[in-house]
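What follows draws every value from the coordinates through simple rules; no lab data is involved. What you are looking at is a predicted structure, and each value in this text was computed from that prediction instead of being measured. FYI the Cβ positions are ideal-geometry reconstructions off the backbone, even for glycines, and counts take in every protein chain you see.
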Amino acid sequence: MQRRISTYAERDHVKNQAEQLLRMSRGLAQTAPGRSTRPFRKALANTLTYVILATVLSCVVYPFLVLLNGSLKSEGDFLANPLSVPLVPQFDNYAYAWNAAHIPTYTLNSAIVAGATVVLTLVLAATAAFGLSQFRFKGSRVIYLSFILLLTIPVQIYIIPLYIIVVRLKLANNLLGLVLPYTAGSLPLAVFLCRTYFDALPVELVDAARIDGCNHVRAFVHVVLPLAKPIIATVAIFTFVGAWNEFFLALVFIHDPNLATLPLGLQAFFINQYQTQFPQLFATLIVSIAPIVVVYLVLQRQFMAGLTAGAVRG
Amino acid sequence: MSRQSSIGWLRADIVSRPSLLLRRVEPYLWVAPALCVLFLFTHLPILLEAVLSLFAADGFSAPRFIGPNNYLEVLSNRDFWDAINHNVLYAIATVAGKVVLSLILAVLLNRQLFGRNVFRTILFLPVVLSFVAIGVLWTLFFNFDYGILNALLKAVGLKSLRQDWLGSADTALWAVIFVDIWKWTGFHLVIYLAGLQSIPRDLYEAALLDGANAFQRFWRITVPLLRPFTAINILLASLGAFSVFDLIYVMTQGGPFKATNVAMVEIYLQAFQFNRFGYAGAMSIVLLALVAAMSVVILRITNAKTN
């Protein structure tokens, strides 16, 4: 319906009304849904976020606190109430873990195995990746593909023939019998990561070194390796953690308690222990995880990058 | 035979001039050490396993060829398929738990937040510990009489909910599944955080201007763009679920009443307790086939969705 505006007065009146309406609507927009509820909703969202994160966080942290707390209690004190805080901390359990549980021996064995595996993996993976990256040769594709295919096959699946091979090579009950299969286990990913990294380096680097009279070996040692430090760190970390924590092959190959690695020794100790010796077991557990936890806390960024490298880049 | 820049190679050739034979052989010399170790300890055992599975072998006496008999026995073995069923359940439950939990946590952590790095560092801690350490830890916590779980239930007045978590066939597998999720969520979280970093910020700003709410932005932007990362998370978690051994061996040894018996525990028992190498080899080959088929299916589905 159209209404004719005849007089000036009438026109002014309509104009004023319209301006008033406009002002009101602006005011509404500023106050109503926009400004007054946003901070509230944001605060609510933040609070909710923190509540969820704190819940999850305590699910991870609390077990370790219980572990620490329990390891400082006497056996009777623990059995009476597992949750109570010890009035007088008992450090006997740690002495027990150190002596009776042979944790130092197991730790040393694990350090030897993991250290040797890291060195061997780095040497073999870096040289193979350099060869595959630098040369095109007959069979290079097939060789590389046979490496890559192994990425998705877990060691567990070929354990039986692997056991037969290790026994035939007289490597059963021998730490070298762990180092070689561990190395083989980490090589596919190590070669893949190193090769990808080397391929991304400028070709001119090696060519320039060769013009200067370097052979490939010298170019590799003096030009490529110094540039490859990040990928070496990545490979070293996932190889080390894998070898340090490996249990299955150790269980099958090692039967001499003096040669047990940390996981194997811990499992054997745990099974042979009396069911009520909780504080001693807690202390043993703490002593056995302490080295890797400390190393992790110092190198946390490198650990996260190293352990997820295969997934993120693969 | 050098790569790409042939001019550089020609000049280098004039300078160092290695013999023709050496030049032919050199690439193989670089690859040979790694290939030898890999062949002896991975390729060869995989090939041998296929052969072994056709024999009756105990590791001591001479193996006897029996054709497909091991496979026939595997196919009709109730225990093995029960174990595979446990693996399937384990895979579905752990994959769902790990992926959903880590995705939610990653989205919550992917912004300026007080204590963000501390959260991430602590959530990743169980990843660097061994399955054995974590298995022992939780076995002690699940203990009926002195475990903290039952102690906590008692403390909050839910005494009736106390369980023999690992000793009862109804709860044992779920308890182990819980521990597996507990250990690996931090790992998948870090992968998702890397994925979230790769999503351009302007997409969210554009969506915000178009009036999309937080939920819509999550479903329409975050989830689709994270698909490659979801794919790798699902693949890694499923591979882990089908080769799970350590955690089960430490916590329940496959019991009670085979309620947590999984394929690898069954294979381990047949091979190293009963010395039935050929039979266990056949089981391994069947498991390998299942794992390979599963990987292909997962990659197909996730790739199809990405395209």
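Things to note:
- Helix A:176-200 and the long axis of chain A differ in direction by around 40°, with both axes built from C-alpha atoms.
- Set of lysines with alpha-carbon distance to A:LYS73 below 23 Å, sequence-local pairs under 8 removed: B:LYS154
- Each listed q (0.10, 0.12, 0.14, 0.16 Å⁻¹) maps to a log10 I(q)/I(0) for the stretch A:56-211 from the Debye sum over equal C-alpha point scatterers, namely -0.66, -0.80, -0.90, -0.99.
- Remark: the protein assembly as shown carries a charge dipole of roughly 2440 debye about the Cα centre, counting +1 on each Lys and Arg Cβ and -1 on each Asp and Glu Cβ.
- For B:PHE55, residues with placed amide H under 5 Å, excluding near neighbours: B:ILE66
- What the Cβ-Cβ distance of A:LEU145 and B:LEU20 gives, at R0 = 25 Å and to the nearest 0.05, is a FRET efficiency of 0.35.
- Principal axes of the stretch A:31-111: Cα extent on each, largest first, Å: 71, 37, 16
- For the peptide B:184-192, the mean number of other protein chain Cβ atoms found within 10 angstrom of a residue's Cβ is 3.
- Neighbour cut-off at most 11 other Cβ (10 Å), DSSP loop, chymotrypsin sites (Phe, Trp or Tyr not before Pro), the stretch B:82-161: B:PHE114
- Annotation note: chymotrypsin sites (Phe, Trp or Tyr not before Pro) in the stretch B:243-294 located in DSSP loop regions with a Cβ neighbour count of at most 15 within 10 Å are B:PHE257, B:PHE274.
- Each Lys and Arg adds +1 at its Cβ and each Asp and Glu adds -1 at its Cβ; summed about the Cα centre, the stretch B:69-306 shows a dipole of about 620 debye.
- Straight-line cross-link partners of A:LYS229 among the lysines, defined as a Cα under 18 Å from its Cα and at least 8 positions apart when in the same chain, are absent.
- The value obtained for the protein assembly as shown, namely the Cα convex hull volume divided by the number of residues, is 256 Å³ per residue.
- Take the Cα of A:ALA233, step 7 Å toward its Cβ, do the same at B:ILE66, and the gap between the two points is 5.4 nm.
- With Cα atoms, 0 to 90° folded angle of helix A:159-168 axis to chain A main axis: 30 degrees
- According to the Cα-based calculation, Rg over Rh for chain A is 1.28, with Rh computed by the Kirkwood formula.
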